[in-house]
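Just so you know, all these numbers are worked out from the coordinates, no wet-lab data involved. These figures come from a predicted structure and were not determined experimentally. Here the Cβ is made from the backbone with ideal geometry for all residues, glycine too, and neighbour counts use every protein chain on show.
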Amino acid sequence: VSTQSTGTEKFAAMPAVATLPLLLLLMVASAGAHMATLGLLPALGAAVTVQLRQLPHTPFPKVVGYFSGVEDAVDPGSFPPELPYGRSQDWNAMLMHSGAVQYRVGQIFKHARHGYHAAIVAIDPRPVVANQEWLDRMGTSSLARGTEQPFYWSIVDVRDRKPAMMAYVAEDDVAPAEVPHAAGFAHDDAAVFFDRPQTETLHGTDESGFLRGVAQGAHLDFKVGHGVQIWVGSRWADAIVDAPVDLESDQIRIRVQAEDGTISEVTPSAIREPWEYREGDVVEARWKKGSVWYKGKVSRCVSEANQTYSISFDDGDKDELPAELMRVHGPAERARRAQATDFHLNAMPFNGFGS
């Protein structure tokens with residue numbers, strides 16, 4: 001998409017739209033009617049992608065795709081697509097340590113029946129969001145525990161299945177991952193759910209997985225003295241864990257000591273692994289120090305002392321910006337998708353089209 005700038009705002013040329021009547025475009029543009037519209041997409045053929053003109057001050061292209069439900073894949077006729085993006089770290093922490101589930105958000109597993117690898121992004125103690133038609137189509141009744149078990153929202157490794165998809169997997173179908181394969185896990189939404197697309201070693205294991213983003217609340221086996229960051233006012237500040245985490249508590253709290261010596265207790269949503277921008281991080285930044293956020297990647301650190309970074313924006317522009325004019329793409333994008341109002345290329349978990 002070609003761009004031109006006026007001041008500090010970018011305007012993209014309207015993408016070509018073929019074979020779609022204006023009425024369909026208007027329906028897709030309406031958040032209230034988006035599910036009804038999606039129900040029409042299969043009839044349009046597998047090669048159709050609905051592209052909408054960018055709205056003013058919205059630099060993210062809006063694209064809605066369709067992915068048919070196979071191999072536990074989430075499909076638009078059966079699931080509210082915004083649901084997994086709105087799950088909180090506090091919910092994940094509570095569920096993980098309740099004993100109701102065996103696996104954690106951020107873990108990578110291999111599907112016992114279908115063989116693909118997937119990373120867990122959210123958990124339902126029971127499949128309450130799936131309709132009966134989908135459960136029947138996926139053969140859920142043939143599983144040992146049927147619907148009386150947790151189901152895991154998971155993004156599927158694109159090396160195993162293309163195009164990128166999201167699955168809703170019963171716990172009976174979760175098997176250990178192949179360690180070398182898991183280390184190279186790849187999916188377009190990894191940076192959305194986990195803030196950083198690269199895997200890390202999970203605490204206390206030799207397994208590869210994700211510790212950040214929606215997984216943050218699921219990994220609380222912090223040792224005393226472990227370096228963390230806590231949310232203070234409007235920013236993240238360095239701290240250390242000051243006491244063992246009580247995982248048996250109904251309301252999990254982590255006692256930390258800030259740099260100034262202050263002791264406090266924080267919830268899982270207010271604590272994270274230490275974060276420093278590094279090459280390859282997916283970010284949003286204010287191009288030319290303007291007021292609009294644009295998506296891109298960190299290409300290099302220009303100055304560690306001044307925390308200045310070179311950003312390569314998705315539209316081809318480049319800029320050098322300080323950290324205060326940057327933000328991690330994941331949290332901002334999860335907030336948009338949880339509202340079910342800003343879907344774009346590769347945003348829908350069932351998107352069947354490449355970039």
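A compact table of results
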| read-out | value |
| --- | --- |
| Angstrom value of the Kirkwood radius, inverse mean 1/r, which spans all Cα pairs in segment 180-267 | 14.4 Å |
| Whole-Hz couplings from phi, Karplus 6.51/-1.76/1.60, listed for segment 172-185; x for Gly and Pro | 4, 9, 8, 10, x, 6, 7, 3, x, 5, 4, 4, x, 3 |
| For segment 112-180, diffusion coefficient by Stokes-Einstein and Kirkwood Rh (Cα), 25 °C, 0.890 mPa s, µm²/s | 195 µm²/s |
| For segment 192-236: Kirkwood Rh in Å [reciprocal of mean 1/r, alpha carbons] | 11.9 Å |
| Among Ser154, Ala186, Met166 the positive-end extreme of the charge dipole of segment 146-200 (Cβ point charges) | Ala186 |
| Net length gained if the chain between Glu148 and Ile240 were fully extended (0.36 nm per residue, minus Cα distance) | 29.1 nm |
| Calculated on alpha-carbon atoms, Rg and Dmax of segment 269-328 in Å | 11.2, 34 |
| Normalised per residue, the volume of the convex hull around the Cα set of segment 91-206 (Å³) | 114 Å³ |
| Packing-based order for 125-134, 279-288, using average beta carbon neighbours within 10 Å, highest first | 279-288, 125-134 |
| DSSP-assigned coil residues among GluC sites (Glu not before Pro) in segment 181-266, each with at most 10 further Cβ atoms within 10 Å | Glu248, Glu259 |
| Cut-off 12 Å between beta-carbons: net charge of the residues surrounding Val158, Lys and Arg +1, Asp and Glu -1 | -1 |
